[in-house]
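Before any comments, here is the structure.
The values are calculated or read from the model by the stated rules, or taken from the named source; none is laboratory data. Just so it is clear, the structure is predicted and the values come from calculations on it, not from any experiment. Don't worry about glycine lacking a Cβ; one is built from the backbone with ideal geometry, like all the others, and counts go over all protein chains shown. Just the protein is used for accessible areas: all its heavy atoms, side chains included, with ligands, DNA and RNA removed. Shrake-Rupley method; radii C 1.70, N 1.55, O 1.52, S 1.80 Å.
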Amino acid sequence: MKAKKRVWVILGTVVFAVYFFCAARPIPLETVLVPRWLNSLEYGKPVYLGDAPAEAGEDEEYDEGSLVPFELGSRFGYFDRDGRFAINQAKKANVSLSPQRWAEYDSEPDRITVNSPGGEALAVIENPRGYPFFLNGKTFVVNSEQNAISAIDDSGSPLWQYEFASPLTCVDSAADLVLAGSLDGVAGVLDSSGRQVFSFEPGGSRYSIILGCAISRDGSKLALISGIDDQRFLLLERFGNSASDYKVVYHEFLGSDYRRPVYVSFIEDDRWIVFERDGGLGFFELGSRLSGKLELNGELSAIDHSGGQGLVFALVTRSQGTRELVGVRLPGRPIINAPFKSGEVFLGRHDSRLFVGGKQTLISFDLEKR
């Protein structure tokens, strides 16, 4: 019975991979996807599409700094660029995952263990009264009412806690600062001691709410998606030496009507901001203050910009469950379109290697110019 099940797992993996490869359409023939390996989450061993890398032996140690976190269907864990799993396990409860650490926890946890990508216990949070999340290599806990944040030190003890007037809708962290947006339409910046040093209400909409927020790596710029009817993208920049001297330097009405959290992030060493907007992705270049848009004609399922090189990748959900991998070269030129079908999806990247997941299969590609 197990042998028969394994045959079906391998067969499904191959069918998914063949469909994906055959459907990929480089536009134009400049950057192409070159398949390197595929792996079934059930089978657990990579099948190399070419020569196996010399460092891919089972006895080789993992470089935790280069492990890629994943969640796909009912499983989660970490794998390396050569397709070997450091962790690959079924979810037993809720999971919070980042490149540096992860935690699994119940709906009302008495304690939470924070683990490394290799599975080593890093800290134990006793009586957390909330749920963990990880940003910028740091551990935080949001309380069960979703209106307070605690910063956690390396031993699992709270460093500080800040309570907001309304439930939180987005959080980001960089440069020892925390940016948080809330349901009442207020964006606030906390310093390294948990003291609020800046507060801002964008206004200008019938319903005030912060739907997305991001802070630049040096903490000098804030990006917000705010409001319902009308919805806006705003860029704030810090002037002077004070952490409270942020001012709006750009805003744009988006035409969208999202009533859920939306994606927004600084990318490419803070030279660009990419964000979700009506019908697709928005791109804003900070140097020129120019805004652009790419129509995707679907719902954004996942996005990855971690590998740099002026490339952004997105998984888009279209009608009847059809998915499409879209590769974009800034400032918004599509270079790769690859449709496929899958209920669950995953997207990740490490340098020039792209990882795509569908159903119970992970596939790796190298990005090459031809």
Original post:
Hey, does the range 85-100 have a residue that's on the phi < 0 side of the Ramachandran plot, in contact (Cβ under 8 Å) with a residue 24 or more places away in the chain and charged (D, E, K, R)?
Top reply: no
**OP:** Please state which of the following conditions Asp229 fails to meet, knowing it meets all the rest: (1) of a type in the set (D, E, K, R); (2) more than 19 Å from the chain's Cα centre (by Cα); (3) at pLDDT 95 or above.
**Re:** (3)
**OP:** Could you run through the range 333-344 and say how many residues are over 17 Å from Phe365 (Cα atoms) and at pLDDT 85 or above?
**Re:** 3
**OP:** Specify the residue that is nearest to Asp176 (Cα to Cα); the eligible residues are those in the range 116-133 that are open to solvent by less than 20 Å² (accessible area, probe 1.4 Å) and assigned to a strand (DSSP E or B).
**Re:** Pro132
**OP:** For the range 273-295, name all the residues that are among the hydrophobic types (A, V, I, L, M, F, W, C), more than 11 Å from Gly332 (Cα to Cα), surrounded by fewer than 21 Cβ atoms within 10 Å (Cβ to Cβ) and without any contact (Cβ under 8 Å) to a residue 60 or more places away in the chain.
**Re:** Leu290
Original post:
How many residues, within the range 301-320, are open to solvent by 40 Å² or more (accessible area, probe 1.4 Å) and either among the small types (Gly, Ala, Ser) or at pLDDT 90 or above (or both)?
Top reply: 3
Original post:
Do we have Pro35 as open to solvent by less than 20 Å² (accessible area, probe 1.4 Å) and touching a residue at least 40 places away in the same chain (Cβ under 8 Å) here?
Top reply: no
Original post:
Name the strands (runs of 3 or more DSSP E) wholly within the range 155-232 that hold at least 1 residues that are open to solvent by 10 Å² or more (accessible area, probe 1.4 Å), touching a residue at least 60 places away in the same chain (Cβ under 8 Å) and touching a strand residue (DSSP E or B) at 6+ places or on another chain (Cβ under 6 Å)?
Top reply: 168-174, 177-182, 221-228
Original post:
Listed residues Gly240, Gly219, Gly227; which is farther than 22 Å from Arg333 by Cβ and touching a Ser or Thr at 6+ places or on another chain (Cβ under 6 Å)?
Top reply: Gly227
**OP:** Assess whether Ser342 counts as being more than 19 Å from Ile225 (Cβ to Cβ) and surrounded by 20 or more Cβ atoms within 10 Å (Cβ to Cβ).
**Re:** yes
**OP:** Kindly state which strands (runs of 3 or more DSSP E) lie completely within the range 1-104 and contain at least 1 residues that are basic (Lys, Arg) and modelled with pLDDT of 90 or more.
**Re:** 31-40, 75-79
